[in-house]
Structures are given as C-alpha cells and as structure tokens.
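Here's the structure we're looking at; comments come further down.
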Amino acid sequence: AQSVSQHNHHVILSEAASLELGCNYSYGGTVNLFWYVQYPGQHLQLLLKYFSGDPLVKGIKGFEAEFIKSKFSFNLRKPSVQWSDTAEYFCALYGAGSYQLTFGKGTKLSVIP
Amino acid sequence: DVKVTQSSRYLVKRTGEKVFLECVQDMDHENMFWYRQDPGLGLRLIYFSYDVKMKEKGDIPEGYSVSREKKERFSLILESASTNQTSMYLCATSPGRFGYTFGSGTRLTVV
C-alpha cells in the first residue's frame, strides 16, 4: 500500500525566511505527486504537481518542489516566505493505476511578520 | 473553472440522526470522492465513485454510506450520527489522474 509522510507537523518562520517542507512517499512504482495548500477558512487548492520530465517543478506563488526518485521525496520549497503563506500544506500522490490521491497528514506553516 | 458545491458550510446534528451531505459538480467529471479532515490526521478517504451508481469503500467507510444517482451529485450519508463523526467533510472531483478540485467543505458537529 502507498503512503505519504510529512515530517513536520508545525513550522514557524519569520517573513523572508526560506522554506522547505518535507514529503516522503512509500510506493515502488511510478507516481504522480502533488502539493495542495489550504489557507485559513478556504478550500484546498493545487500548488503544483509532478507527472514526468524535469524533476524540478514550479507552482503558483513562487513555490517549487523537487522530485528525487532515489530518496522517494518531493520536498516543497520557497526562497522567501510571506505572512500570506500561512496555511496548511498537504503532499499527495497517485500510485500507478490508481485514481485516488493518498494524502500526508499535513504541515501547518505559520509565518510571523 | 470547475465548481464543486457542498450544500452546507456548517451543520449541527444530534446523536442518532440520519445526516445527508450533498456535493454537486458543474463539470462532467467521472470521479468523485468524500474525505474527512481532522487535525493531525490529514485527509482520510471515506468513499469514492467512478461512475453513476458505482461506489467503492475508502479507508474509513464504517458508519457512512453514499449515493450517486446522477453523474454530477455525490451524497454522503451518516446513517446514525455519532459524536466521533464530528469533523470537516470534503468533497472532491477529478476527470482522471490530474488531481482533485475540492469543495469548500462542510463542518459537521454532532452533539
């Protein structure tokens, strides 16, 4: 069975700090990977996704993620966070042949002005 | 843009009541999903459907059932609500393996 692990439950950063949120998955085959964001009081929305090709993918609002197959990782990064990035972030994957996303437990990011 | 509409944003029900949560999409997506979201537990799949009148159990189906009579509507049913079903319920749709579009969620409190 596939699974997704997000290492940090809650991350607190000051504005302008760099961000890296960890995501590791457990699945032996081909995967499609996603990061979703949930701003306070809002619905989950897609930040970025990886299907194939360049392992460094860029998403909305200056976020990027790198797929490292050998490490089963898909970490989310942003060079300089803003207060408006305060949100909960979820990593998710499709295993091969599956139409259901498996989600990690989420990482809550708090950015202090 | 795909819209996924959940009928209620907040709902308060009594223990033992039968509860219906409705989800309607305005695009022709085959796949629809119900998740519950709880702090520290992330999103857990309750039920999903790949076609009209088709349903499959997810990871935590106990205490729930679903109905999909029309392609655009996917209903989650709590047969006899209990306090441990207090949660945020999220509906999502997808046209395939391209990721989900989520509704705004229904925060259900069972008292």
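Considering only segment A:82-103, how many residues are over 13 Å from the mean Cα position of the chain (by Cα), open to solvent by 10 Å² or more (accessible area, probe 1.4 Å) and more than 15 Å from A:HIS43 (Cα to Cα)?
So the answer is 8.
Going through segment B:55-85 one residue at a time, which ones are over 23 Å from A:LEU46 (Cβ atoms), in a loop (DSSP other than H, G, I, E, B) and open to solvent by 40 Å² or more (accessible area, probe 1.4 Å)?
The answer is B:LYS55, B:GLU62, B:GLY63, B:GLU79, B:SER80.
Conditions first: (1) closer than 21 Å to A:HIS43 by Cα; (2) in contact with a Lys or Arg (Cβ under 8 Å, 6 or more places away or on another chain). B:ALA92 passes all but one, so which condition is the exception?
(2)
Under 6 Å by Cβ, and 6 or more places apart or on different chains, what pairs join a residue from segment B:40-54 that is more than 10 Å from chain A (Cβ to nearest Cβ) and among the aromatic types (Phe, Trp, Tyr) with one that is open to solvent by less than 20 Å² (accessible area, probe 1.4 Å) and outside any loop (DSSP other than H, G, I, E, B)?
B:TYR47/B:TRP34; B:TYR47/B:VAL66
If you scan segment B:6-26, which residues turn out to be under 20 Å from B:TYR47 (Cβ atoms), open to solvent by 40 Å² or more (accessible area, probe 1.4 Å) and modelled with pLDDT under 95? Lay out the reasoning, then the answer.
Here is the first cut: in segment B:6-26, the ones under 20 Å from B:TYR47 (Cβ atoms) are B:6-8, B:11, B:13, B:17-25.
Restricting the remaining residues to those that are open to solvent by 40 Å² or more (accessible area, probe 1.4 Å) gives B:7, B:13, B:17-18, B:20, B:22, B:24.
Answer for segment B:6-26, where residues must be under 20 Å from B:TYR47 (Cβ atoms), open to solvent by 40 Å² or more (accessible area, probe 1.4 Å) and modelled with pLDDT under 95: just B:SER7.
Would you list the strands (runs of 3 or more DSSP E) that sit entirely within segment A:40-113 and hold 2 or more residues that are of a type in the set (Val, Ile, Thr) and more than 10 Å from every other protein chain (Cβ to nearest Cβ)?
In segment A:40-113, the matching strands (runs of 3 or more DSSP E) lie at A:107-112.
Could you list all residues from segment B:86-101 that are open to solvent by 10 Å² or more (accessible area, probe 1.4 Å), under 15 Å from B:ILE46 (Cα atoms) and in contact (Cβ under 8 Å) with a residue 60 or more places away in the chain?
Taking segment B:86-101 first, the residues open to solvent by 10 Å² or more (accessible area, probe 1.4 Å) are B:86, B:88, B:95, B:97-98, B:100-101.
Pick out the ones that are also under 15 Å from B:ILE46 (Cα atoms) and you get B:86, B:88.
Of everything in segment B:86-101, nothing turns out to be open to solvent by 10 Å² or more (accessible area, probe 1.4 Å), under 15 Å from B:ILE46 (Cα atoms) and in contact (Cβ under 8 Å) with a residue 60 or more places away in the chain.
What do you reckon, is B:THR109 more than 11 Å from chain A (Cβ to nearest Cβ), assigned to a loop (DSSP other than H, G, I, E, B), exposed (fewer than 14 other Cβ atoms within 10 Å of the Cβ) and over 11 Å from the mean Cα position of the chain (by Cα)?
Numbers: more than 11 Å from chain A (Cβ to nearest Cβ): yes; assigned to a loop (DSSP other than H, G, I, E, B): no; exposed (fewer than 14 other Cβ atoms within 10 Å of the Cβ): yes; over 11 Å from the mean Cα position of the chain (by Cα): yes.
Here the answer is no, as B:THR109 does not meet what is asked.
Tell me, which residue of segment B:29-39 that is open to solvent by 10 Å² or more (accessible area, probe 1.4 Å) and without any contact (Cβ under 8 Å) to a residue 60 or more places away in the chain is farthest from B:LEU78 (Cα to Cα)?
B:PRO39
Being touching a Gly at 6+ places or on another chain (Cβ under 7 Å) and modelled with pLDDT under 95 is the filter here; which residues of segment A:10-45 pass it?
If the condition is that a residue be touching a Gly at 6+ places or on another chain (Cβ under 7 Å) and modelled with pLDDT under 95, then A:TYR27, A:GLY29, A:VAL31, A:HIS43 are the ones that fit.
For residues in segment A:23-39 being outside any strand (DSSP E or B) and touching a residue at least 60 places away in the same chain (Cβ under 8 Å), which is most open to solvent (accessible area, probe 1.4 Å)?
Here the answer is A:THR30.
The values are calculated or read from the model by the stated rules, or taken from the named source; none is laboratory data. Predicted, not measured: the structure shown is a model, and the values here were computed from it. Here Cβ is always computed from backbone atoms with ideal geometry, including for glycine, and neighbour counts include all displayed protein chains. Surface areas here come from the heavy atoms of the whole protein model, side chains and all, with no ligands, DNA or RNA. Shrake-Rupley method; radii C 1.70, N 1.55, O 1.52, S 1.80 Å.
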